Structures are given as C-alpha cells and as structure tokens.
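The values are calculated or read from the model by the stated rules, or taken from the named source; none is laboratory data. Small disclaimer: the values here were computed from a predicted structure and weren't measured. Note that we place each Cβ from the backbone using ideal geometry, even for glycine, and neighbour counts take in every protein chain shown. Just the protein is used for accessible areas: all its heavy atoms, side chains included, with ligands, DNA and RNA removed. Shrake-Rupley method; radii C 1.70, N 1.55, O 1.52, S 1.80 Å.
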Amino acid sequence: MRIGLTYNLKSDVPVVAGVEDWSAECEERATVELIAGALAHLGHTVIDLPYGRDLALRIAAAQPEIVFNIAEGWFGRNRESLVPAVLELLDVPYSGSDALTLGLALDKYLAKTVVAAAGLPVVASHLVSNPAQLAALSIDFPAFVKPNYEGSSKGIRGASRVNNREELAERVGWVLANYRQPALIEPFLSGREFSIGILGNDPPVALPVLEVVDAQSSVTSEQFVYSFETKSGNLERLLCPAPLEEEEKNRLTEIAVRAHTALGCRDFSRVDIRLDDKGEPFFLEINPLPGLSAQSLLTVQAKAAGLSYDRLIAAILGSACRRLGINVA
Ligand SMILES: Nc1ncnc2c1ncn2[C@@H]1O[C@H](COP(=O)(O)OP(=O)(O)OP(=O)(O)O)[C@@H](O)[C@H]1O
Ligand SMILES: [Mg+2]
C-alpha cells in the first residue's frame, strides 16, 4: 500500500522563549525513521508528510491509500485534531482516533468528566484561569498543579506537587504565564503509578501493565513524579509486566479499556493511572497518540507482550485497515 506518514519533528516546533519543554511532545527524526522503516519492512511504500501549513496540499497531491498519523501539532487543545480533520476533509482514511477524541483527550478536565460519567474513578479537580479564583476554592494539601492540555510532562516538574497556599499560587501563576491555558488542580495521588497500552478494536485489548518507578529506588512512590526533569534525565525505571496481583492487574486493565472506549479511542492508546494512599486506582489521563519511539512506554509494553516494533506498527495499521474495511495488501 501507499501509506502517508504524518508527524511533527521537534526541530520544526516554533520556539517558545523561556519555556524549556516547548518541543517535548514532538518527534526525534529517529522515531519517524523507525516507523517508516517498519512500514517498509511490512512491504509498504511510505510517503513522507511532515506537518506544516501546506500539509493539505501535499496530501491531496500524494493521494495515499491511508495515512499513519502521529502528528501532535504545535499549540492549543485542537493541535492533535488538525491533521485528522484535514484528512477527513480530503476523504483520506487514517489510523488512530478522530479529531473529536484527540481534542477531548487532550483537555484533561473534560476527559475526566467523560470518564467519570462512564462510572470510572477520577479525582475531583479545579480548573483555574485566573489566580483570583484561588481564594474561593477549598483545597486539601498536598495538591498537584498541571497545565490542562499539555502532554509529555510539559509543565510538570517536581514543584507541581504543592504543600500550601503559597506554593499553590506560585505554581498556578507559573502554569498560566508559561503555558497560556488553565491550570488543573488535583489532589496529589501518593501511590504507585501505572500505564496501560491498548491495541485494536472490537474489542480493544490491553497490553501488559507497566509500572513507572524512580531509577534510584531512593525515591518512594509518595515522592515520585513522572515529571519533565525525570523524563529528560532518564531517572525512571519501567517495570513491565508490573509486579501486581491478578486482581489488581485486572482492575487497572478494566479501567484503561473502559476509559479508552468511553472516549471513543480507536486502534491504539495509552492510559495513565495512579493509586492514592489507600491503594485505590484513579484515571489520570489518556494518550490516544502515545509515543512510538524505541524507548516509549507503548513500545516497552508491546515488547512485554511479545510484539517486536515492526509487529506493533503492523497491529496499529491492521486495526485501522480492518475498521475501515481496507485490505492490507
Ligand atoms: N494528581 C496527581 N497526583 C500525583 N501525581 C500526578 C498527578 N497528576 C499527574 N501526576 C504526575 O505527573 C505525571 C504527568 O502527568 P500527566 O500524565 O497528567 O501528564 P502528561 O504530560 O499528559 O503525560 P504524558 O507524558 O503521559 O503525555 C504523571 O505521570 C504523574 O507522575
Ligand atoms: Mg501521562
């Protein structure tokens, strides 16, 4: 098949002065080459379609039979929705979730509303777009403050965990000034952290549960935050399959698959869950466009399920083609 590959390179993201993690969500060239290589190994012809304002014209000219989409976009909560919307405008089929699901999942507050309506556990949160709103809020400490629609731990630091009103006001001000979007305030979940990859449709199937812990083992789960500092310093260790009792594993998997379904995700996604101090799990957020680098959590989860990188890409593409009624030639 002639497969278009839509993506965003880190090197193309317009610089945001003073914000060190501005390009964190986008791809290294190596990841794009890895996916293109996997598609080529599967016998397909890959059409290179980097993100940019002329993308619609380039897609229309190239006429791919399907697009393998990992484009994150640049700014705003519609950034991941733009490429799928353009593909629908051009009537070009594509892998992964549609514009509505991608936008909904990026907005963490709205995503949690939908997930809660499906009967799944989420923590109550406050959305603040002006520091003056803080005085009227009743907040228990420690709390956690993050931008409402970023990913790849953009805007998440050790200092996102706040212990009192002063730290809260400082962090909310920092999020508003640097990320130009509402700050989400949640109770700090002090337990273990898990991520569950999901593949396929009818039914979507969970990959082995992954646990993220501090690489040094000196930091307890009460202190651990999978922050930008942790990710950029490679300070985490990934345990997959996570050491869990069967019942705990089933509960986490059930939450992940039901959240994926409630938000209308397709083909693949990754759900982040954290436990509270009593060991109760809470949905944190979902990534319908999870990272696909060699080191990404989904790649590690697929490997634990016995899927090589090429087979992971084949599974995502195969799910999309079956859903769309396209014969993968
Ligand atoms: N309420 C919370 N309590 C404790 N830790 C939290 C909370 N919310 C987020 N975190 C920590 O911050 C990390 C990043 O948060 P979250 O997953 O919401 O952001 P993200 O940038 O969208 O993540 P990703 O890199 O998966 O796209 C989590 O993995 C977790 O370690
Ligand atoms: Mg996350």
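Here is how the numbers come out for the structure above:
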quantity	calculated
Radius 9 Å from Cβ of residue 284, net charge of other residues (Lys, Arg +1; Asp, Glu -1)	-1
Most fluctuating residue given options 70, 185, 59, as computed from a GNM of the chain linking Cα atoms under 10 Å	59
At 1.567 mPa s and 4 °C, Stokes diffusion of region 126-187 via Kirkwood alpha-carbon radius, µm² per second	115
Loop-resident sites, region 266-329, for trypsin sites (Lys or Arg not before Pro), counting at most 15 other Cβ within 10 Å (DSSP)	278
Compactness relative to 2.2 N^0.38 Å, alpha carbon Rg of region 165-317	1.09
Order of exposure, largest accessible area first, which applies to 213, 67 with probe 1.4 Å	213, 67
Most fluctuating residue given options 239, 252, 312, as computed from a GNM of the chain linking Cα atoms under 10 Å	239
Residue-count net charge about residue 327 - beta-carbon cut-off 15 Å; Lys, Arg +1, Asp, Glu -1	+2
5 angstrom amide H check on residue 236, placed H, neighbours 5+ away	215
Set 10/249; 108/278; 146/303 screened for pairs whose C-alpha atoms are more than 27 Å apart	10/249; 146/303
Length-normalised contact order for the chain - Cα pairs under 8 Å, 6+ apart - percent	19
Solution diffusion estimate, µm²/s, Stokes-Einstein, region 1-83, Kirkwood Rh from C-alpha pairs, 25 °C, viscosity 0.890 mPa s	182
Distant alpha-carbon pairs in the chain (separation over 25 angstrom), percent	50
